[in-house]
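The values are calculated or read from the model by the stated rules, or taken from the named source; none is laboratory data. This is a predicted model, so every value here is computed, not measured. Ideal geometry is used to build each Cβ from the backbone, glycine not excepted, and the neighbour counts take in all protein chains shown.
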């Protein structure tokens, strides 16, 4: 049933699919064992410090919180961890594929807030996608943690990409959870969310792993089970893949052409 007044009880030691489907968000507390978290924290610190020493920290001008540097193997393939696999099966079912896996960061080079948006409008494939946000360190209001609009996923795709104007909709309950290392936020990719600036001396570092059913041809790797498609959108494996590359003519191509002509 589609409804406005949804529960705010989105925390638990075990994944609650009923609450997740109602609110679009569920937070599994202490889902990643401390031993694993400490190992990945150590890997991140060593890796990140080496990048800073070499002055090679790249900044994504299109999305400042998107960590653009090539990750070390331990970070790059964390989605293969059995803990992630277990949660993925609970969320999606037996046959699960990876849509993407990255680091979201707010450090000295990227401290700003992120506007209210939904993720699905930036994706290809079916809308049955879920983000797994996994903080490597404490992630609270001071660090620019995430704010979720509970139940907003029920609108579905809004027809465009960009900053959502909440004044045009009914008022949704917002929640800004204090996240700890080892917590896993499961979010429907249609759910509206935003984040404030990082006003602390600590970096905000999150894994953002998007999972989906394995029948979706936009999947790039199999997390669990077996593929339920015999064709894939192979272009997604290209390093600099852009959605408009799939079209002869599109809104994005027209906008790019207008911008390029303006600056010639």
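The sole residue among 213, 177 that is in contact (Cβ under 8 Å) with a residue 40 or more places away in the chain, surrounded by 18 or more Cβ atoms within 10 Å (Cβ to Cβ) and more than 22 Å from residue 11 (Cα to Cα) is 213.
For segment 180-195, a tally of residues being in contact with a helix residue (DSSP H, G or I) (Cβ under 7 Å, 6 or more places away or on another chain), more than 19 Å from residue 16 (Cα to Cα) and buried (at least 23 other Cβ atoms within 10 Å of the Cβ) returns 1. Is there a residue being under 19 Å from residue 137 (Cβ atoms) and in a loop (DSSP other than H, G, I, E, B) anywhere in segment 18-28? There is no residue in segment 18-28 that is under 19 Å from residue 137 (Cβ atoms) and in a loop (DSSP other than H, G, I, E, B).
Are any residues in segment 34-58 outside any helix (DSSP H, G or I) and surrounded by 13 or more Cβ atoms within 10 Å (Cβ to Cβ), and if so, which ones? The answer is 57, and nothing else.
Conditions tested, residue by residue: (1) within 22 Å of residue 121 (Cβ to Cβ); (2) part of a loop (DSSP other than H, G, I, E, B); (3) out of contact with any strand residue (DSSP E or B) (no Cβ under 7 Å at 6 or more places or on another chain).
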{"site": "198", "(1), (2), (3)": "no, yes, no"}
{"site": "202", "(1), (2), (3)": "no, yes, yes"}
{"site": "209", "(1), (2), (3)": "yes, no, no"}
{"site": "218", "(1), (2), (3)": "yes, yes, no"}
{"site": "223", "(1), (2), (3)": "no, no, no"}
{"site": "231", "(1), (2), (3)": "no, yes, yes"}
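Taken over segment 234-264, the criterion of being assigned to a loop (DSSP other than H, G, I, E, B) and over 21 Å from residue 76 (Cα atoms) is satisfied by 247, 248, 249, 250, 263, 264. Contact map, segment 98-124: first residue on the phi > 0 side of the Ramachandran plot and surrounded by 20 or more Cβ atoms within 10 Å (Cβ to Cβ), second residue in a loop (DSSP other than H, G, I, E, B) and at pLDDT below 95, Cβ cut-off under 6 Å, separation 6 or more or different chains; the map is empty. Restricting the search to segment 103-120, which residues are under 13 Å from the mean Cα position of the chain (by Cα) and within 16 Å of residue 66 (Cβ to Cβ)? Listed by number, the residues that qualify are 103, 104, 105, 114, 117, 119. Residue count for segment 145-161 satisfying the condition of being modelled with pLDDT of 95 or more, assigned to a loop (DSSP other than H, G, I, E, B) and touching a strand residue (DSSP E or B) at 6+ places or on another chain (Cβ under 8 Å): 2.
Residue selection: residue 6 fails the criterion of being in contact with a helix residue (DSSP H, G or I) (Cβ under 6 Å, 6 or more places away or on another chain) and within 30 Å of residue 217 (Cβ to Cβ). Filtering 219, 225 for residues that are within 24 Å of the chain's Cα centre (by Cα) and on the phi > 0 side of the Ramachandran plot leaves a single hit, 225.
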